[in-house]
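Comments concern the structure below.
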Amino acid sequence: MKTWPVMVLSFALATGVPPGIIAQNANQKEAVPKYDVAAETKIKGVIDEVKDRECPISGTMGAHLMIKSEGKVYEVHIAPTKMVKSYDVVFQKGDEVEIKGVKTSFQGVDAILAREIKRGNDDFVFRDPQGKPIW
(Lines give C-alpha, C1' and ligand atoms only; values in the text may rest on other atoms or scores of the structure.)
Protein backbone atom coordinates (compact mmCIF):
# COMPACT_ATOMS: atom_id res chain seq x y z
CA MET A 1 0.00 0.00 0.00
CA LYS A 2 1.34 3.42 -0.91
CA THR A 3 1.25 5.88 1.97
CA TRP A 4 1.46 9.05 -0.13
CA PRO A 5 -2.17 8.95 -1.41
CA VAL A 6 -3.40 8.15 2.11
CA MET A 7 -1.46 11.11 3.55
CA VAL A 8 -2.82 13.46 0.85
CA LEU A 9 -6.38 12.28 1.46
CA SER A 10 -5.97 12.64 5.23
CA PHE A 11 -4.55 16.17 4.84
CA ALA A 12 -7.32 17.13 2.41
CA LEU A 13 -10.03 15.87 4.73
CA ALA A 14 -8.47 17.63 7.72
CA THR A 15 -8.13 20.98 5.93
CA GLY A 16 -11.20 20.82 3.73
CA VAL A 17 -9.12 21.09 0.54
CA PRO A 18 -10.23 18.76 -2.27
CA PRO A 19 -7.52 16.07 -2.68
CA GLY A 20 -7.48 16.50 -6.47
CA ILE A 21 -6.18 20.07 -6.10
CA ILE A 22 -3.35 18.98 -3.78
CA ALA A 23 -2.32 16.11 -6.05
CA GLN A 24 -2.51 18.36 -9.12
CA ASN A 25 -0.23 20.99 -7.53
CA ALA A 26 2.25 18.33 -6.38
CA ASN A 27 2.47 16.95 -9.92
CA GLN A 28 2.93 20.41 -11.48
CA LYS A 29 6.07 21.36 -9.55
CA GLU A 30 8.31 23.12 -12.04
CA ALA A 31 11.76 21.71 -12.63
CA VAL A 32 14.61 23.99 -11.60
CA PRO A 33 16.51 25.08 -14.74
CA LYS A 34 20.06 23.85 -15.17
CA TYR A 35 22.97 25.86 -16.52
CA ASP A 36 23.66 24.81 -20.12
CA VAL A 37 27.02 26.16 -21.35
CA ALA A 38 26.00 25.44 -24.96
CA ALA A 39 23.12 27.94 -24.58
CA GLU A 40 25.28 30.69 -23.05
CA THR A 41 24.79 34.21 -24.38
CA LYS A 42 25.62 37.84 -23.53
CA ILE A 43 22.93 40.36 -22.70
CA LYS A 44 23.34 44.10 -22.04
CA GLY A 45 20.80 45.90 -19.93
CA VAL A 46 20.03 48.37 -17.18
CA ILE A 47 19.26 47.31 -13.63
CA ASP A 48 15.68 48.17 -12.70
CA GLU A 49 15.61 46.52 -9.27
CA VAL A 50 17.92 44.71 -6.84
CA LYS A 51 16.31 42.16 -4.55
CA ASP A 52 17.02 39.21 -2.31
CA ARG A 53 14.48 36.44 -2.14
CA GLU A 54 14.17 32.77 -1.27
CA CYS A 55 15.34 31.09 -4.47
CA PRO A 56 14.65 27.49 -5.52
CA ILE A 57 17.55 27.65 -8.00
CA SER A 58 20.27 28.38 -5.44
CA GLY A 59 18.34 26.61 -2.67
CA THR A 60 18.82 29.54 -0.28
CA MET A 61 18.20 33.27 0.03
CA GLY A 62 19.38 34.46 -3.38
CA ALA A 63 20.57 37.75 -4.85
CA HIS A 64 18.61 38.81 -7.93
CA LEU A 65 18.55 41.69 -10.38
CA MET A 66 15.64 42.78 -12.52
CA ILE A 67 17.13 44.15 -15.74
CA LYS A 68 15.59 45.78 -18.77
CA SER A 69 17.08 44.57 -22.05
CA GLU A 70 15.88 44.19 -25.61
CA GLY A 71 12.44 45.53 -24.64
CA LYS A 72 12.00 42.83 -21.99
CA VAL A 73 12.49 42.52 -18.26
CA TYR A 74 14.59 39.60 -17.00
CA GLU A 75 15.10 38.30 -13.48
CA VAL A 76 18.81 37.60 -13.15
CA HIS A 77 19.69 34.82 -10.70
CA ILE A 78 23.15 35.69 -9.37
CA ALA A 79 24.16 33.60 -6.34
CA PRO A 80 23.24 33.14 -2.68
CA THR A 81 22.94 36.53 -0.97
CA LYS A 82 25.50 35.52 1.66
CA MET A 83 28.15 34.90 -1.02
CA VAL A 84 27.46 38.16 -2.85
CA LYS A 85 27.61 40.19 0.37
CA SER A 86 30.79 38.45 1.56
CA TYR A 87 32.60 39.84 -1.50
CA ASP A 88 31.09 43.32 -1.02
CA VAL A 89 29.42 43.14 -4.44
CA VAL A 90 26.80 45.90 -4.65
CA PHE A 91 24.55 46.57 -7.61
CA GLN A 92 22.36 49.67 -7.91
CA LYS A 93 19.26 50.56 -9.86
CA GLY A 94 20.37 52.28 -13.07
CA ASP A 95 23.69 50.40 -13.38
CA GLU A 96 24.45 49.35 -16.94
CA VAL A 97 25.54 45.72 -17.00
CA GLU A 98 26.56 43.02 -19.44
CA ILE A 99 25.60 39.53 -18.33
CA LYS A 100 27.07 36.31 -19.62
CA GLY A 101 24.63 33.55 -18.82
CA VAL A 102 21.77 31.36 -19.93
CA LYS A 103 18.31 32.69 -20.78
CA THR A 104 15.47 30.60 -19.45
CA SER A 105 11.93 30.88 -18.17
CA PHE A 106 11.22 29.99 -14.56
CA GLN A 107 8.04 30.39 -12.53
CA GLY A 108 6.46 32.23 -15.46
CA VAL A 109 9.22 34.85 -15.61
CA ASP A 110 11.91 35.45 -18.25
CA ALA A 111 15.11 34.74 -16.38
CA ILE A 112 18.87 34.60 -16.78
CA LEU A 113 21.20 32.31 -14.85
CA ALA A 114 24.29 34.51 -14.55
CA ARG A 115 27.85 33.24 -14.91
CA GLU A 116 29.54 36.67 -15.18
CA ILE A 117 28.35 40.23 -14.75
CA LYS A 118 30.35 43.18 -16.07
CA ARG A 119 29.70 46.70 -14.86
CA GLY A 120 32.09 49.30 -16.21
CA ASN A 121 35.59 48.05 -15.40
CA ASP A 122 34.29 45.57 -12.79
CA ASP A 123 33.90 41.91 -13.70
CA PHE A 124 32.09 39.61 -11.25
CA VAL A 125 32.24 35.83 -11.76
CA PHE A 126 29.65 33.53 -10.15
CA ARG A 127 30.16 30.27 -12.07
CA ASP A 128 33.18 28.52 -13.53
CA PRO A 129 33.60 28.11 -17.35
CA GLN A 130 31.57 24.87 -17.20
CA GLY A 131 28.68 26.70 -15.52
CA LYS A 132 29.19 25.18 -12.10
CA PRO A 133 28.43 27.61 -9.24
CA ILE A 134 31.54 28.78 -7.38
CA TRP A 135 29.69 29.22 -4.12
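The values are calculated or read from the model by the stated rules, or taken from the named source; none is laboratory data. What you are looking at is a predicted structure, and each value in this text was computed from that prediction instead of being measured. FYI the Cβ positions are ideal-geometry reconstructions off the backbone, even for glycines, and counts take in every protein chain you see. We work out accessible area using only protein heavy atoms, side chains counted, and drop any ligands, DNA or RNA first. Shrake-Rupley method; radii C 1.70, N 1.55, O 1.52, S 1.80 Å.
Here are the numbers for this structure:
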read-out: Some residue of region 72-89 being touching a residue at least 60 places away in the same chain (Cβ under 8 Å) and surrounded by 12 or more Cβ atoms within 10 Å (Cβ to Cβ); value: no
read-out: Hey, ALA111 under 17 Å from ASP36 (Cα atoms) and under 11 Å from the mean Cα position of the chain (by Cα) or not; value: yes
read-out: GLU54 vs. criteria closer than 19 Å to TRP135 by Cα, touching a strand residue (DSSP E or B) at 6+ places or on another chain (Cβ under 7 Å), open to solvent by 10 Å² or more (accessible area, probe 1.4 Å) and acidic (Asp, Glu); value: yes
read-out: Selection from region 87-98 of residues that are modelled with pLDDT under 95 and not hydrophobic (A, V, I, L, M, F, W, C); value: TYR87, ASP88
read-out: One residue from GLY45, GLY131 being in contact with an Asp or Glu (Cβ under 8 Å, 6 or more places away or on another chain), surrounded by 11 or more Cβ atoms within 10 Å (Cβ to Cβ) and part of a strand (DSSP E or B); value: GLY45
read-out: Conditions (1) assigned to a helix (DSSP H, G or I); (2) modelled with pLDDT under 95; (3) exposed (fewer than 12 other Cβ atoms within 10 Å of the Cβ): number failed by LYS29; value: (1)
read-out: Within region 99-128, tally of residues that are surrounded by 15 or more Cβ atoms within 10 Å (Cβ to Cβ), at pLDDT 95 or above and not in a loop (DSSP other than H, G, I, E, B); value: 17
read-out: Any chance ILE67 is touching a Ser or Thr at 6+ places or on another chain (Cβ under 9 Å) and assigned to a strand (DSSP E or B); value: no
read-out: Residue within region 79-91 that is within 11 Å of the chain's Cα centre (by Cα) and not polar (S, T, N, Q) present; value: yes
